[in-house]
1. List every residue pair whose Cβ atoms sit under 7 Å apart, with the two residues 6 or more apart in sequence or on different chains, where the first one lies in the stretch 75-103 and is among the small types (G, A, S) and the second, anywhere, is exposed (fewer than 10 other Cβ atoms within 10 Å of the Cβ).
2. Take the stretch 44-54 and flag every residue that is out of contact with any helix residue (DSSP H, G or I) (no Cβ under 7 Å at 6 or more places or on another chain) and either surrounded by 10 or more Cβ atoms within 10 Å (Cβ to Cβ) or not in a helix (DSSP H, G or I) (or both).
3. Given R101, R76, which one is part of a helix (DSSP H, G or I), modelled with pLDDT of 85 or more and surrounded by fewer than 10 Cβ atoms within 10 Å (Cβ to Cβ)?
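The values are calculated or read from the model by the stated rules, or taken from the named source; none is laboratory data. Treat the numbers as computed from the prediction; the structure is a model and nothing was measured. Methodologically, a virtual Cβ is constructed for each residue, glycine included, from the backbone with ideal geometry; neighbour enumeration extends over all protein chains shown.
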Amino acid sequence: MAKKKAALPKSATDVAPRIKKTTGNGRTSDRFQIRLPEGMRDKLVEAADGRSLNDEIIQRLTQSLERDEMQKLSDRLKAQGDRLAKFEGEIASMVEQLRLRDD
């Protein structure tokens with residue numbers, strides 16, 4: 001008899017509970033454990049160039065999230081530009097029709 005696969009969790013919070021940790025300077029940070037593919041830890045340590053592994057991971061995640069946000073903004077601006085171009089075309093057409101009427 002085949003075993004049923006467990007349903008995938010809906011979000012990261014379903015997988016790992018948040019553990020708040022207060023640092024020495026009073027700041028609070030979330031703790032999160034992660035499993036890395038073999039060799040990735042060494043690559044990250046090497047890329048960190050003197051920074052801590054934690055700082056390197058946070059820097060890379062931050063860059064990725066910022067890139068995602070920039071892409072969303074770019075997509076919204078493109079959509080706005082497309083709508084503006086459409087309206088400009090419609091206005092130009094109306095102006096042309098008014099000119100033909102006046103002639």
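1. Pairs that qualify, where the first residue is among the small types (G, A, S) and the partner is exposed (fewer than 10 other Cβ atoms within 10 Å of the Cβ): there are none.
2. Going through the stretch 44-54, the residues out of contact with any helix residue (DSSP H, G or I) (no Cβ under 7 Å at 6 or more places or on another chain) turn out to be 46, 49-52, 54.
Correct list: D49, G50, R51, S52, N54.
3. On the way: R76 fails: surrounded by fewer than 10 Cβ atoms within 10 Å (Cβ to Cβ).
The match here is R101.
Rundown of residues vs (1) outside any helix (DSSP H, G or I); (2) small (G, A, S); (3) at pLDDT 90 or above, yes/no style:
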{"residue": "D30", "(1), (2), (3)": "yes, no, no"}
{"residue": "D42", "(1), (2), (3)": "no, no, yes"}
{"residue": "F87", "(1), (2), (3)": "no, no, yes"}
{"residue": "S93", "(1), (2), (3)": "no, yes, yes"}
{"residue": "Q97", "(1), (2), (3)": "no, no, yes"}
